[in-house]
Amino acid sequence: MFEARLVGSDGCEVKELSTPGEVYLMSPTIFKGYLGNEKATKESFDEGGWLRTGDIGMFKRSPNGTNHIFILDRLKEMIKVKGLQVVPVDIELVLRELPSVADVAVIGVPDENAGERAKAFVVLAESARTSQNEEELMEAMDEYVQDRLDESHWLHDRIVFVDALPKSQSGKVLKRELRALAV
């Protein structure tokens, strides 16, 4: 049997549904540590023996009342803005609400004042490609994010329109390729 819990960036357990946190697992079948590598073992497990997966997830309840865990991102994909941890998927979910957005991926880019800031790579929906100019679309997207998320998530001019996002054979966005484009 596996147990799962979520831990927020503050180190406290996340108890609310639809609130992201790092996924921690506990099971008698999980390995106990790395042989001869105490440092890696301490980094991988908390004091209670829970395995830190490095995944960001959230619990949601289905219509029949069953809780399900959804994996949203990897912890190493987190963006650190002025010491705050920003989950890229939070921005991606907001942008996907817009009818002009067909697909989106968000990465962190260096920022002189904040450490890092979010940068969005957006694939426009076909209807948006012909109906609006890119500057108006960028402004509308930025305002939409600002109305829904706090300042650490704001994009300003860090929105890039692309024809397609680089993806693996399994359909996962290759954010390392986006980082190469961002420099």
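The values are calculated or read from the model by the stated rules, or taken from the named source; none is laboratory data. Computed from a prediction, not measured in an experiment: that's the story for all the values here. Every residue, glycine as well, gets a Cβ built from its backbone with ideal geometry; the counts of neighbours run over all protein chains shown.
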For V123, all conditions in the list (1) modelled with pLDDT of 95 or more; (2) within 15 Å of E77 (Cα to Cα); (3) in contact with an Asp or Glu (Cβ under 7 Å, 6 or more places away or on another chain) hold save one; what is the number of the exception? (2)
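Look at G49 and say whether it is in a loop (DSSP other than H, G, I, E, B), of a type outside the set (V, I, T), surrounded by 10 or more Cβ atoms within 10 Å (Cβ to Cβ) and modelled with pLDDT of 90 or more.
Numbers: in a loop (DSSP other than H, G, I, E, B): yes; of a type outside the set (V, I, T): yes; surrounded by 10 or more Cβ atoms within 10 Å (Cβ to Cβ): yes; modelled with pLDDT of 90 or more: yes.
For G49, the condition - in a loop (DSSP other than H, G, I, E, B), of a type outside the set (V, I, T), surrounded by 10 or more Cβ atoms within 10 Å (Cβ to Cβ) and modelled with pLDDT of 90 or more - is met.
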Name the residues in the stretch 61-88 that are among the charged types (D, E, K, R) and over 20 Å from L17 (Cβ atoms), would you? R74, K76, E77, K80, K82
Could you say whether any residue in the stretch 95-109 is part of a helix (DSSP H, G or I) and not hydroxyl-bearing (S, T, Y)? yes
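Going residue by residue through the stretch 160-169, is there one that turns out to be of a type in the set (S, T, N, Q) and out of contact with any helix residue (DSSP H, G or I) (no Cβ under 9 Å at 6 or more places or on another chain)?
Looking through the stretch 160-169, at least one residue is of a type in the set (S, T, N, Q) and out of contact with any helix residue (DSSP H, G or I) (no Cβ under 9 Å at 6 or more places or on another chain).
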Residue satisfying condition, being modelled with pLDDT under 95, more than 14 Å from the chain's Cα centre (by Cα) and not in a loop (DSSP other than H, G, I, E, B), within set E135, E143: E135
Residue satisfying all of: in the stretch 126-150; surrounded by 15 or more Cβ atoms within 10 Å (Cβ to Cβ) and aliphatic (A, V, I, L, M); nearest to A182 (Cα to Cα) among these: M138
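Taking the stated definitions as given, is M58 over 15 Å from G11 (Cα atoms) and modelled with pLDDT of 90 or more? Steps first, answer last, please.
On the way: over 15 Å from G11 (Cα atoms): yes; modelled with pLDDT of 90 or more: yes.
Spelling it out, M58 is indeed over 15 Å from G11 (Cα atoms) and modelled with pLDDT of 90 or more.
Counting only residues that are under 15 Å from V7 (Cα atoms) and not in a loop (DSSP other than H, G, I, E, B), how many does the stretch 20-42 have? Write out each step before concluding.
Pass one, the stretch 20-42, residues under 15 Å from V7 (Cα atoms): 20-26.
Subset that is not in a loop (DSSP other than H, G, I, E, B): 21-26.
Counting residues in the stretch 20-42 that are under 15 Å from V7 (Cα atoms) and not in a loop (DSSP other than H, G, I, E, B) gives 6.
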Given (1) of a type in the set (A, V, I, L, M); (2) surrounded by 14 or more Cβ atoms within 10 Å (Cβ to Cβ); (3) over 22 Å from A114 (Cα atoms), number of the condition V81 does not satisfy: (3)
Quick check on the stretch 98-107. Is at least one of its residues of a type in the set (A, V, I, L, M), closer than 17 Å to R158 by Cβ and surrounded by fewer than 16 Cβ atoms within 10 Å (Cβ to Cβ)? no
Looking only at the stretch 151-181, and only at residues there that are surrounded by 12 or more Cβ atoms within 10 Å (Cβ to Cβ) and part of a helix (DSSP H, G or I), the one that is modelled with the lowest pLDDT: L181
Please pick out the residue among V23, V104, V87 that is at pLDDT 90 or above, out of contact with any Phe, Trp or Tyr (no Cβ under 8 Å at 6 or more places or on another chain) and aliphatic (A, V, I, L, M). V23
Can you find even one residue in the stretch 48-69 that is in contact (Cβ under 8 Å) with a residue 40 or more places away in the chain and either within 12 Å of the chain's Cα centre (by Cα) or under 26 Å from I159 (Cα atoms) (or both)? yes
Candidate set: the stretch 1-26, residues that are hydroxyl-bearing (S, T, Y) and surrounded by 11 or more Cβ atoms within 10 Å (Cβ to Cβ); chosen: the one nearest to K76 (Cα to Cα): S9
